[in-house]
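These notes concern the structure reproduced below.
The values are calculated or read from the model by the stated rules, or taken from the named source; none is laboratory data. Computed from a predicted model, the values in this text were never measured in an experiment. Every residue, glycine among them, receives a Cβ derived from its backbone with ideal geometry; neighbour counts consider all protein chains shown.
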Amino acid sequence: MSEPGHSGDDDPGDRAGGQTPGDFASLTPEAILDAMAELELPCDGRMLALNSYENRVYLLYGEDAPDQVVKFYRPGRWSDAQILEEHAFAEALVEAEVPMVAPRRIGGRTLHSIGGMRLAVYPRAGGRAPELDDPDVREWLGRYLGRIHMVGAGAPFVQRPALDIATFGQEPYETIVHGDWLPPALRESWQAAARQCLEAVEASFARAGDVSRIRVHGDVHLGNVLWTDAGPHFVDLDDARTAPAVQDLWMLLSGDRADMTVQLSDVLEGYETFREFDRRELQLVEALRTLRLIHYSAWIARRWHDPAFPAAFPWFGTERYWQDRILELREQIAAMSEPALVV
């Protein structure tokens with residue numbers, strides 16, 4: 001997940017206490033260049049830190065060679081097996097000619113451990129954010145999401161977890177409630193709004209019924225879709241999970257109900273060129289949005305020991321922040337009470 005927009009996964013490493021405050025402290029420029037030298041990847045010493053809080057990601061400029069992007073994984077977040085499933089999914093997408101940026105194989109491996117840090121190396125892939133106001137762009141994205149899901153439905157994740165109410169709703173709720181994050185004057189209001197939201201999420205999933213769960217990208221926000229004149233390509237499967245297909249569609253929708261209906265119609269026009277979409281999953285659009293909102297606050301709380309987080313989110317924990325979150329949750333309660341979108 002690049003940020004902003006990161007779902008902020010609650011991973012096994014977090015709950016097991018695998019993350020310690022100084023984990024990224026060893027990533028000095030010298031250590032990064034030493035890692036590249038060990039992998040025999042030439043670079044000229046220039047590097048640029050890219051926008052990622054969950055991991056550490058750097059663009060390294062080549063020395064008469066292609067530029068590289070190196071991603072250092074947050075210790076304790078994913079197991080090696082879970083990361084390798086992410087990499088295998090990316091490679092399967094590339095093999096299916098889906099424009100996904102996959103990690104390079106170096107010495108036959110995609111995952112490396114150097115200096116106590118796990119890392120992967122990617123080719124540099126440029127582009128701009130897609131223009132979602134353009135119906136043709138929405139349809140184009142829908143076609144590629146349909147192709148991603150064709151591959152995703154072909155085999156299950158075995159190691160990577162599922163997106164569910166427990167890990168994206170209830171556990172984040174408990175993190176906030178049992179931490180020292182809520183201002184006393186707002187504690188009861190936030191708890192009440194969050195509990196109502198979780199009840200409404202449960203009801204939404206019940207209405208949707210037994211929909212299929214497949215391997216999905218998991219974090220299709222605009223920072224993870226890069227557009228060029230040749231069309232889109234996707235990056236960052238760090239949040240890939242087992243989930244309903246609509247998890248990769250709802251983040252492309254915004255505005256009022258009429259706007260989202262038009263947007264969704266365009267996306268599905270492209271999507272269903274390659275894969276049928278189960279309309280029951282539309283019951284989950286606002287439920288998944290709600291889970292992401294609750295989870296996002298808990299993600300910041302869980303990462304607060306990382307010095308990058310207080311610097312990036314200085315407003316976290318203020319009364320204004322939680323007032324805005326309460327209003328947001330109340331709006332979601334109303335949204336989940338409305339009928340699902342119909343396309």
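Quick test of your reading of the structure: TRP315 fulfils all but one of (1) part of a helix (DSSP H, G or I); (2) within 30 Å of TYR73 (Cα to Cα); (3) not β-branched (Val, Ile, Thr). Name the failing condition by number.
For TRP315, the exception is condition (1).
What number of residues within the stretch 108-134 satisfy the criterion of being in a loop (DSSP other than H, G, I, E, B), out of contact with any Ser or Thr (no Cβ under 6 Å at 6 or more places or on another chain) and of a type outside the set (Ser, Thr, Tyr)?
Qualifying residue count, the stretch 108-134: 13.
For GLN68, state whether it is at pLDDT 85 or above and in contact with a Cys (Cβ under 9 Å, 6 or more places away or on another chain).
yes
So if I check each of ARG128, ARG118, which one is closer than 19 Å to ILE32 by Cβ and not assigned by TED's automatic domain parsing to the domain that holds HIS295? Talk me through it step by step, then tell me what you get.
Details: ARG128 fails: closer than 19 Å to ILE32 by Cβ.
Testing whether each residue is closer than 19 Å to ILE32 by Cβ and not assigned by TED's automatic domain parsing to the domain that holds HIS295 leaves just ARG118.
Which of the following residues is assigned by TED's automatic domain parsing to the domain that holds VAL177, surrounded by 17 or more Cβ atoms within 10 Å (Cβ to Cβ) and over 25 Å from ASP164 (Cβ atoms): ASP324, ASP306?
From the options ASP324, ASP306, the qualifying one is ASP306.
Give the stretch 112-133 a look and list any residue that's closer than 26 Å to ASP229 by Cα and surrounded by 12 or more Cβ atoms within 10 Å (Cβ to Cβ), or say none.
Here is the first cut: in the stretch 112-133, the ones closer than 26 Å to ASP229 by Cα are 121-133.
Matches in the stretch 112-133: VAL121, TYR122, PRO123, ARG124, ALA125, GLY127, ALA129, PRO130, LEU132.
Return the residues of the stretch 135-189 that are in a loop (DSSP other than H, G, I, E, B) and aliphatic (A, V, I, L, M); say none if nothing qualifies.
Here is the first cut: in the stretch 135-189, the residues in a loop (DSSP other than H, G, I, E, B) are 153-161, 163-164, 178-183.
Listed by number, the residues that qualify are ALA153, ALA155, VAL158, LEU163, LEU182.
I'd like the full set of residues that are within 22 Å of the chain's Cα centre (by Cα), at pLDDT 50 or above and not acidic (Asp, Glu), limited to the stretch 7-45.
PHE24
Specify which of the listed residues (ALA155, ALA193) is closer than 30 Å to GLU97 by Cβ, over 20 Å from the mean Cα position of the chain (by Cα) and assigned by TED's automatic domain parsing to the domain that holds ASP239.
ALA155
Of all the residues that make up the stretch 210-225, how many are at pLDDT 95 or above, assigned to a loop (DSSP other than H, G, I, E, B) and in contact with a Pro (Cβ under 9 Å, 6 or more places away or on another chain)?
Number of matching residues: 3.
Given the structure, is SER297 modelled with pLDDT of 95 or more, assigned to a helix (DSSP H, G or I), outside the structural domain of ASP23 (by TED's automatic domain parsing) and surrounded by fewer than 17 Cβ atoms within 10 Å (Cβ to Cβ)?
no
Report the residue count in the stretch 238-258 for those that are in a helix (DSSP H, G or I) and either in the same structural domain as GLU85 (by TED's automatic domain parsing) or in contact (Cβ under 8 Å) with a residue 60 or more places away in the chain (or both).
Of the residues in that region, 6 qualify.
Which one of THR261, THR290, THR273 is part of a helix (DSSP H, G or I), outside the structural domain of GLU54 (by TED's automatic domain parsing) and surrounded by fewer than 16 Cβ atoms within 10 Å (Cβ to Cβ)?
Within the list THR261, THR290, THR273, the selection yields THR261.
Could you tell me which of the residues ALA203, ALA194, ALA129 is more than 22 Å from LEU282 (Cα to Cα) and of a type in the set (A, V, I, L, M, F, W, C)?
Testing whether each residue is more than 22 Å from LEU282 (Cα to Cα) and of a type in the set (A, V, I, L, M, F, W, C) leaves just ALA129.
Is it the case that some residue within the stretch 139-146 is in contact with a Lys or Arg (Cβ under 9 Å, 6 or more places away or on another chain), under 23 Å from GLU276 (Cα atoms) and surrounded by 14 or more Cβ atoms within 10 Å (Cβ to Cβ)? Break it down stepwise before answering.
Restricting attention to the stretch 139-146, the residues satisfying the condition of being in contact with a Lys or Arg (Cβ under 9 Å, 6 or more places away or on another chain) are 145-146.
Retained after the next criterion (residues that are under 23 Å from GLU276 (Cα atoms)): 145-146.
From what is left, the residues that are surrounded by 14 or more Cβ atoms within 10 Å (Cβ to Cβ) are 145-146.
Yes, some residue in the stretch 139-146 is in contact with a Lys or Arg (Cβ under 9 Å, 6 or more places away or on another chain), under 23 Å from GLU276 (Cα atoms) and surrounded by 14 or more Cβ atoms within 10 Å (Cβ to Cβ).
Cβ contacts < 7 Å: first residue more than 7 Å from ARG215 (Cβ to Cβ), restricted to the stretch 152-166; second residue aromatic (Phe, Trp, Tyr), any location; separation 6+ or different chain. Result?
Note: pairs meeting the criteria are ILE165/PHE205.
Any residue at all in the stretch 187-198 that's surrounded by fewer than 22 Cβ atoms within 10 Å (Cβ to Cβ), among the small types (Gly, Ala, Ser) and in contact (Cβ under 8 Å) with a residue 12 or more places away in the chain?
Looking through the stretch 187-198, at least one residue is surrounded by fewer than 22 Cβ atoms within 10 Å (Cβ to Cβ), among the small types (Gly, Ala, Ser) and in contact (Cβ under 8 Å) with a residue 12 or more places away in the chain.
Working only within the stretch 226-250, note down all residues that are aliphatic (A, V, I, L, M) and either modelled with pLDDT of 95 or more or crowded, with 24+ Cβ neighbours inside 10 Å (or both). Spell out how you get there, then give the answer.
Applying the first criterion (aliphatic (A, V, I, L, M)) to the stretch 226-250 yields 226, 230, 235, 237, 240, 243, 245-246, 249.
If the condition is that a residue be aliphatic (A, V, I, L, M) and either modelled with pLDDT of 95 or more or crowded, with 24+ Cβ neighbours inside 10 Å (or both), then LEU237, ALA240, ALA243, ALA245, VAL246, LEU249 are the ones that fit.
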